[in-house]
1. Can you tell me which residue among A:40, A:95 is among the small types (Gly, Ala, Ser), within 11 Å of chain B (Cβ to nearest Cβ) and buried (at least 21 other Cβ atoms within 10 Å of the Cβ)?
2. Just give me the residues in segment B:55-75 being touching a helix residue (DSSP H, G or I) at 6+ places or on another chain (Cβ under 6 Å) and part of a helix (DSSP H, G or I), in sequence order.
3. Are any residues in segment B:9-33 closer than 22 Å to residue B:162 by Cβ and surrounded by fewer than 17 Cβ atoms within 10 Å (Cβ to Cβ), and if so, which ones?
4. Could you name every one of the helices (runs of 4 or more DSSP H) located completely within segment B:138-225 that has at least 1 residues being acidic (Asp, Glu)?
5. Of all residues in segment A:80-92 being surrounded by fewer than 24 Cβ atoms within 10 Å (Cβ to Cβ) and touching a residue at least 24 places away in the same chain (Cβ under 8 Å), which is farthest from the other protein chains (Cβ to nearest Cβ)?
6. Given the criterion under 23 Å from the mean Cα position of the chain (by Cα), more than 30 Å from residue A:83 (Cβ to Cβ) and crowded, with 21+ Cβ neighbours inside 10 Å, identify the matching residue among B:75, B:99, B:90, B:149.
7. Please state which of the following conditions residue B:148 fails to meet, knowing it meets all the rest: (1) at pLDDT 90 or above; (2) more than 12 Å from every other protein chain (Cβ to nearest Cβ).
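The values are calculated or read from the model by the stated rules, or taken from the named source; none is laboratory data. Note that the coordinates shown come from a computational prediction; the quantities given were computed from them, not determined experimentally. Don't worry about glycine lacking a Cβ; one is built from the backbone with ideal geometry, like all the others, and counts go over all protein chains shown.
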Amino acid sequence: MIQIQSLTFGYSPNALIFDGFNLSIARGETWAILGPSGCGKTTLLYLLAGLKFPITGQILVDGQPLTRPRPRSGLILQDYGLLPWATVRQNAEIGLRVRDFYGPDGKHSPDNYEPESNVNHWLKRLGIEDIAAQYPAQISGGQRQRTAIARTLALRPDLLLMDEPFSSLDAITREDLQNLTLALSVEQNLTLVIVTHAVEEAAALGNKILLLGAPTNRTARIFDNPNAGQSSQRNSAVHNALCDRLRKEMRH
Amino acid sequence: MIINRPILPAPWEVLVVFFRELGKGLLIHFAVSLWRVTAGMLLSVAAAAPAGLAVGGSRTMNRIFSPVIYLLYPIPKVVFVPVVLLFLGIGDAAKIVIIFLILFFQILVLVRDQAAGLSPQLIQSLQSLGAGRRALFRFIYLPASLPAILTALRQSIGTAVAVLYITELFATKYGLGYYIYYNGSTLLDYPAMYAGVIAMSLLGLGLYFGVDWLERKLCRWKFVN
C-alpha cells in the first residue's frame, strides 16, 4: 500500500533525517515506528500524511505519489487536535463538514464521496455518546482521544496514522484505547501506523516494528512481531524478550 | 461652597430631568449616537476581522503588512477628525468613519495575533482531514478569532464613545455629544447636560454588556468548567 522510495529529508541540507531510505508497508498491516526523541518518527508520519514532502525520492500510496494529504488517510496527533470551540459531536463531524464544504472533488474528499453528516454510529462505537454535547475542556484525555478517533473514522479511511496517541494517558485508559484501536483497525480493515517512543507499546501493537535511530536513517530496521495485538501476548515471555531486544538495539 | 453651584446640580434633580428629557428628544439623540457608534463598530469588524485573519494566517502577508500596521497603529486616530470631515463632509459618514478608524486597528492587531498564534497541530489536524486554505479559514481561523474580535470591541468601546462625543461637537443637531455641549455651553442648562452625560454613560454601558452577551452566546466554550 505504501512505498517509500529513496527518501531523503531533513530540515536543513546539512542535517538529513532520512537519506536514501526505503520502506514498504502492505495493506492491512499494523506498524509501530519506534525510536528515541529526535530520530524522525513524527517526521516520517507527517511525510506519510502528505503534510511534509521529500527533498528527493518519493512516497507512493496506492501507487500514487503523495503531493498533499490524501482523503482516505487519517491522522491522529498526540494532543488530539480537537477544536476547543466545538462540542464532541461537532468535532466528530468536522471532517465530514470539510468534505461537504468542498464536495466530491477527489482532492479534498474522495470523488465518490456522498454527503453524510450522521456520526451517531461512531459516537456510540467509541463510547462518547453521553458526552456529545460537551466541549473538549470538559472531558478527560481518554475521551478526547476517542473523539479524535471518531472524527477520523467517520471519514472511512483505509490508512490510519497515529502520532504517540496514548502517551499522555494513564495506564488503564492507555491499554483500553490501544485494544480499541486494534479492534477498530481489524473491523475497518485499516492499515495502521503508530508512532511511539515506548518500547512496550510498540511490542504490544505493531505486527511490524520499524526502529529508527539517531539521524541520519539510511536503512529500515524492521522487527516482525506476529503475536502483537493478542491480549495473552502482553507480559508473555516472547513479548518481554522482544522488548529487551528492542531496548538493546535502541542503545546501539 | 464648592458643590452649591448651578454647574453641580443634585443627583435627584438630574434624574428627574433625565426622565423628563427622554420624552423631549433625548431619546432621539441617544438613538442617533447609538446608530453612529454601532455602524462604526460593525464596519470595523467587517473590515478588520478578514484583514487580521489574512495577515495572521499567512507568514508572507504578516511579513509584508506588519511594518505598516506597526507604523499606523500607535497614531491617535482622533487627529484625523479634521481630515475626515474635510473629505466626507458634515453628515453621519464622517462620524462613523472616525469611529471605524479607531476600532479597525485595535481589532486588526488582536485578530492577527490570534490567527498567527494558533497551534500548528490544530491546523495540521484539519489539513489531514482534507482542509485546504479556504476550509482552514472557515473552520479554524474564523471561529478562533471570534473571542479576539469581541475582546477588541470591549476594549475599544470607551474610546469609541469618547470619540463619538468629539465628532458630535461638529456640524450636527443630533447625537448625545451635541446634546451635552448645547445644553452645557449654549443653554447653560446643567441638569439637562448631566442627563446627556447619563445617557452617554448608559450608551457605553449598554454596548459593553451587549458585547458580553454576544460573547456568552457565540463563545459558549469559553464559559464551561
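1. Selected residue: A:95, the only one of A:40, A:95 that is among the small types (Gly, Ala, Ser), within 11 Å of chain B (Cβ to nearest Cβ) and buried (at least 21 other Cβ atoms within 10 Å of the Cβ).
2. Once the filter is applied, which keeps residues that are touching a helix residue (DSSP H, G or I) at 6+ places or on another chain (Cβ under 6 Å) and part of a helix (DSSP H, G or I), segment B:55-75 yields B:55, B:56, B:61, B:62, B:65.
3. B:27, B:28, B:31
4. Result: B:190-218.
5. The first filter runs over segment A:80-92 and keeps only residues surrounded by fewer than 24 Cβ atoms within 10 Å (Cβ to Cβ), leaving A:80, A:83-87, A:89-90.
Next, from what is left, pick out any that are touching a residue at least 24 places away in the same chain (Cβ under 8 Å): A:80, A:83-87, A:89.
Details: A:80: 8, A:83: 7, A:84: 6, A:85: 5, A:86: 8, A:87: 8, A:89: 13 Å.
Step by step, filter segment A:80-92, then rank; the result is A:89.
6. B:99
7. (1)
Each row is one residue, and each column tells you yes or no for (1) hydrophobic (A, V, I, L, M, F, W, C); (2) not in a loop (DSSP other than H, G, I, E, B).
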| position | (1), (2) |
| --- | --- |
| A:203 | yes, yes |
| A:210 | yes, yes |
| A:223 | yes, yes |
| A:229 | no, no |
| A:234 | no, no |
| A:244 | no, yes |
